[in-house]
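Student: Dropping the structure in here first, questions after.
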Amino acid sequence: MVAGVAGCLGGTDSVGKPAPDPIDLSGGKRDDQGGMVIGEHFGPNGQVFYRNHAPESHDNPAWFHTLSMGLFPYHFDQERRGWEVVVIYVTDYSSVDYELIDERGETYISSYTAADTFGDASEMTYVADSDVHGGMGKELHPFSSADEASSFATEHNGETMRLGEVTPEWLSSYFSR
């Protein structure tokens, strides 16, 4: 399953066509996994383009206001149904001047919806288990710079990982820690 996800990502799709560009997720778009308005909550956002399939309520891509509780659970469900990924885009915290916000005793990271704030998910290094939350709590924070991800992980008590390590089993165990 992991090889199927990783093999479909990149500058061209699996049949050699250029992958579509990420879109702007502002304007009241609602998360395809939970219905929350994207951009109104902290943390990374994401979008997934599928070949020959699309979300029920709109054309491709599927869009999300969280990765760990939105994009990845949705994607794993669609993958089990035989949907093929063209490309997955996630917020690239190496490309923005993110803010850390302290609220109610927790630290959160800012959210971005503009098309140019997204990067190819397969090229990111993710920070997991940090003391910085997304809109729904525990989150994966993506960085296109592995060095920036490592620094963030060190500063915020997290660990780094690559996309291929995010599996349904890992995700299930992530929330039980």
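The values are calculated or read from the model by the stated rules, or taken from the named source; none is laboratory data. The structure presented is a predicted model; accordingly, all values stated were derived computationally and were not measured. Note that each Cβ is placed from the backbone with ideal geometry, even for glycine, and that neighbours are counted across all protein chains shown.
Student: What are the residues in segment 34-49 that are within 21 Å of Glu165 (Cα to Cα) and touching a helix residue (DSSP H, G or I) at 6+ places or on another chain (Cβ under 9 Å), if any?
Tutor: Answer for segment 34-49, where residues must be within 21 Å of Glu165 (Cα to Cα) and touching a helix residue (DSSP H, G or I) at 6+ places or on another chain (Cβ under 9 Å): Gly43, Pro44, Asn45, Gly46, Gln47, Val48.
Student: Considering segment 153-163 alone, what residues qualify as being within 16 Å of Phe118 (Cβ to Cβ) and outside any helix (DSSP H, G or I)?
Tutor: none
Student: Is it the case, given these coordinates, that Ile23 is of a type in the set (Val, Ile, Thr) and farther than 23 Å from Ala128 by Cα?
Tutor: Considered against the rule, which asks whether it is of a type in the set (Val, Ile, Thr) and farther than 23 Å from Ala128 by Cα, Ile23 comes out as yes.
Student: If you don't mind, another one. Residues that are at pLDDT 95 or above and under 12 Å from the mean Cα position of the chain (by Cα): find the strands (runs of 3 or more DSSP E) completely inside segment 44-152 holding 2 or more of those.
Tutor: In segment 44-152, the matching strands (runs of 3 or more DSSP E) lie at 46-51, 62-64, 84-91, 118-120, 125-128, 141-143.
Student: If a residue has to be more than 19 Å from Ala149 (Cα to Cα) and surrounded by fewer than 20 Cβ atoms within 10 Å (Cβ to Cβ) to count, how many in segment 64-112 make the cut?
Tutor: Going through segment 64-112 one residue at a time, the tally reaches 15.
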